[in-house]
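Asks: After the structure tokens below, expect a handful of questions from me.
The values are calculated or read from the model by the stated rules, or taken from the named source; none is laboratory data. These numbers come from a predicted model, not from an experiment. Neighbour counts run over all protein chains shown; Cβ positions are idealised from the backbone, glycine included.
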Amino acid sequence: MCWLKSLGWGARRIAAQRGCSRTTARRWLKEGAWHRPPSFARPKALDGLEAWVEERFRRRAGNADVVRQELAAEKGIAVSLRTVERAVAHLRQELRAEARATVRFETQPGQQVQIDFGQRRVEIGRTPRLVSFFVATLGHSRRNHVRAFAGERQEHWFEGMESAFAAFGGVPEEVLLDNARALILRHDVASREVVVNPKLHAFALHWGFQVKACAPYRPRTKGKDERGVGYVKGNAIAGRAFDSFAALEAHLAEWTRDIADQRVHGTTGEAPMLRFTRNEAGKLKPPPRCGPFLAMRDLSRRVGSDCAVEFDTNGYSVPWRLTGERVRVLVAAETVRITHAGVEVVCHRRSGGRRGRIIDDAHVAGVAGADGRAIRISGDSAADVEGPIPEATLLRPLAECEAIAGGAW
């Protein structure tokens, strides 16, 4: 407009040429040049809460909806989920980068062993079974130790670690493990406070190592063993079938000795056994002379009508006069001890399989049907039942019931 004014044009002619009013033309001629109109920032609901929102967003592992709920509960600010998502958009990418970023670290010889379980369905005796594989990996040499178990109970963790210490010929300074409920009672994500199971604490004191729990929801903290578990699944098992569980265990021992320990490791460039023999074997602490740690479970069970108590899918007989009574079951690595009223009733050898029954004939002596003879079931529709009955029927004379009313057997 100023250029047209310099040519002698008036405000009326300029307004007609530009398609605006004369008032607008006069105002811009008075300004002398075009200026961007001032912008007015609209206040936002989360102004002043940027630091609070960022801290909560990181604490809640990137869950914007939880932050929205806490805004309403603690600050009295009701906003939509989309509002919170816009406020934390720049933080989400940072969290993704932090989750993916990994710093490779190497442990000193004898410093650390990483342990974990992995599951794979394996054909054993022509029947597919879900097997849990315990894998221990030494942090420096990458030497592995593998065991197969029917589950992942606390006793399986302990037995796996003890067999690893025996295979390695010593104990490392620390054991890095996952936050399994059988081992870690609580691991706070924010404060990183770790509460160790009391039995694991006693086990660590017995063997002389420190317990290290990896960061929650970050399995790459023990990435060496994570890769070891995958290696066992993809190489040691690899669709193989076995005649028995013992054959599977023998195959794992042979595979570990001839394949896993002798291969050239992709990271170290050496065979794990060679690196272990040269650098790490002499750095492990000797195992204690007091022997293995006794992993014992203390259970309470009620005796069933079949004169047995059951745990881990296996049944163990007790004297039939204890039917219906509550007993204490002490489960050790090889034995099962059953006590009642503070007195040991029976000691069985523990079953290593599943859904088995260990029965002492003396415990069911005198029970109707125990000797295989036919008995008659009384009732409205009485009928003879041939052979042993599925659940023992106890025939107690009244005099005998009065004699044992005090709870003896």
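Asks: Return the pairs, sorted by first residue and then second, in which the second residue is modelled with pLDDT under 85 and in a loop (DSSP other than H, G, I, E, B), the first residue lies in segment 167-189 and is among the acidic types (Asp, Glu) and buried (at least 16 other Cβ atoms within 10 Å of the Cβ), the beta carbons are less than 8 Å apart, and the residues are 6+ apart or on different chains.
Replies: Between residues of segment 167-189 that are among the acidic types (Asp, Glu) and buried (at least 16 other Cβ atoms within 10 Å of the Cβ) and residues that are modelled with pLDDT under 85 and in a loop (DSSP other than H, G, I, E, B), the close pairs are ASP178/CYS214.
Asks: If you go through segment 339-349, how many residues are surrounded by 15 or more Cβ atoms within 10 Å (Cβ to Cβ) and closer than 30 Å to GLU249 by Cα?
Replies: Going through segment 339-349 one residue at a time, the tally reaches 1.
Asks: Would you pick out the residues in segment 350-370 that are over 36 Å from the mean Cα position of the chain (by Cα) and surrounded by fewer than 14 Cβ atoms within 10 Å (Cβ to Cβ)? Step through it out loud before you land on a result.
Replies: As a first pass, look at segment 350-370 and keep what is over 36 Å from the mean Cα position of the chain (by Cα): 360-370.
Across segment 350-370, the qualifying residues are ASP361, ALA362, ALA365, GLY366.
Asks: Can you spot a residue in segment 276-291 that is closer than 30 Å to GLN111 by Cβ, at pLDDT 90 or above and β-branched (Val, Ile, Thr)?
Replies: Checking segment 276-291: at least one residue is closer than 30 Å to GLN111 by Cβ, at pLDDT 90 or above and β-branched (Val, Ile, Thr).
Asks: Read through the list (1) modelled with pLDDT under 85; (2) closer than 30 Å to ARG86 by Cα; (3) surrounded by 14 or more Cβ atoms within 10 Å (Cβ to Cβ), then give the number of the only condition that SER39 fails.
Replies: Of (1) modelled with pLDDT under 85; (2) closer than 30 Å to ARG86 by Cα; (3) surrounded by 14 or more Cβ atoms within 10 Å (Cβ to Cβ), only one is false for SER39: (3).
Asks: For GLN69, state whether it is part of a helix (DSSP H, G or I), at pLDDT 90 or above and closer than 30 Å to CYS214 by Cβ.
Replies: Values: part of a helix (DSSP H, G or I): yes; at pLDDT 90 or above: yes; closer than 30 Å to CYS214 by Cβ: yes.
In short, yes.
Asks: Could you check GLY269 against (1) loosely packed, with under 12 Cβ neighbours inside 10 Å; (2) under 27 Å from the mean Cα position of the chain (by Cα); (3) not in a strand (DSSP E or B) and say which number it fails?
Replies: Looking at each condition in turn, GLY269 falls short on (2).
Asks: Kindly list the number of the only condition in (1) over 25 Å from the mean Cα position of the chain (by Cα); (2) closer than 22 Å to GLU155 by Cβ that fails for LYS285.
Replies: That leaves (2) as the condition not met.
Yes/no per residue for (1) surrounded by 11 or more Cβ atoms within 10 Å (Cβ to Cβ); (2) modelled with pLDDT of 85 or more; (3) in a loop (DSSP other than H, G, I, E, B):
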| site | (1), (2), (3) |
| --- | --- |
| LYS5 | yes, no, no |
| GLY8 | no, no, yes |
| THR23 | no, yes, no |
| ALA33 | no, no, yes |
| LYS44 | yes, no, yes |
| VAL53 | yes, yes, no |
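Asks: Cβ-Cβ distance below 8 Å, separation of 6 or more or different chains: which pairs start in segment 243-264 with a residue that is more than 12 Å from ARG147 (Cα to Cα) and end on one that is of a type in the set (A, V, I, L, M) and in a loop (DSSP other than H, G, I, E, B)?
Replies: Filtered contacts from segment 243-264: ASP261/ALA271; GLN262/ALA271; ARG263/ALA271; VAL264/ALA271.
Asks: Read through the list (1) in a helix (DSSP H, G or I); (2) modelled with pLDDT of 90 or more; (3) closer than 25 Å to VAL211 by Cα, then give the number of the only condition that ARG82 fails.
Replies: Here ARG82 meets the rest and fails (3).
Asks: Right, something else. Got a number for residues in segment 334-357 being in contact with a Leu (Cβ under 7 Å, 6 or more places away or on another chain) and within 23 Å of PRO292 (Cβ to Cβ)?
Replies: So the count comes out to 1.
Asks: Residues in segment 332-340: is at least one modelled with pLDDT of 90 or more, at positive phi, not polar (S, T, N, Q) and not assigned by TED's automatic domain parsing to the domain that holds GLU152?
Replies: Looking only at segment 332-340, we keep the residues that are modelled with pLDDT of 90 or more, and these are 336-340.
Adding the requirement that they be at positive phi leaves none.
No, segment 332-340 contains no residue that is modelled with pLDDT of 90 or more, at positive phi, not polar (S, T, N, Q) and not assigned by TED's automatic domain parsing to the domain that holds GLU152.
Asks: Continuing with this model, one more query. Here is a list: ARG92, ARG147. Which entry is basic (Lys, Arg), surrounded by fewer than 21 Cβ atoms within 10 Å (Cβ to Cβ) and touching a Gly at 6+ places or on another chain (Cβ under 7 Å)? Please lay out each step first, then the result.
Replies: Working: ARG147 fails: surrounded by fewer than 21 Cβ atoms within 10 Å (Cβ to Cβ).
So the residue among ARG92, ARG147 that is basic (Lys, Arg), surrounded by fewer than 21 Cβ atoms within 10 Å (Cβ to Cβ) and touching a Gly at 6+ places or on another chain (Cβ under 7 Å) is ARG92.
Asks: Go through the residues of segment 297-306 one by one and say whether even a single one is in contact with a His (Cβ under 8 Å, 6 or more places away or on another chain) and touching a residue at least 12 places away in the same chain (Cβ under 8 Å). Give the steps one after another, and end with the answer.
Replies: Of the residues in segment 297-306, the ones in contact with a His (Cβ under 8 Å, 6 or more places away or on another chain) are none.
For segment 297-306, residues in contact with a His (Cβ under 8 Å, 6 or more places away or on another chain) and touching a residue at least 12 places away in the same chain (Cβ under 8 Å): absent.
Asks: Just to be sure, is ALA247 modelled with pLDDT of 85 or more, under 16 Å from the mean Cα position of the chain (by Cα) and among the small types (Gly, Ala, Ser)?
Replies: Numbers: modelled with pLDDT of 85 or more: yes; under 16 Å from the mean Cα position of the chain (by Cα): no; among the small types (Gly, Ala, Ser): yes.
When the stated conditions are applied, ALA247 does not pass them.
Asks: Something else: Given (1) more than 21 Å from the chain's Cα centre (by Cα); (2) in the same structural domain as ASP188 (by TED's automatic domain parsing); (3) part of a loop (DSSP other than H, G, I, E, B), where does PRO128 come up short, assuming only one miss?
Replies: (3)
Asks: Would you tally the residues in segment 90-122 being more than 24 Å from ALA164 (Cα to Cα) and either at pLDDT 80 or above or not hydroxyl-bearing (Ser, Thr, Tyr) (or both)?
Replies: 14
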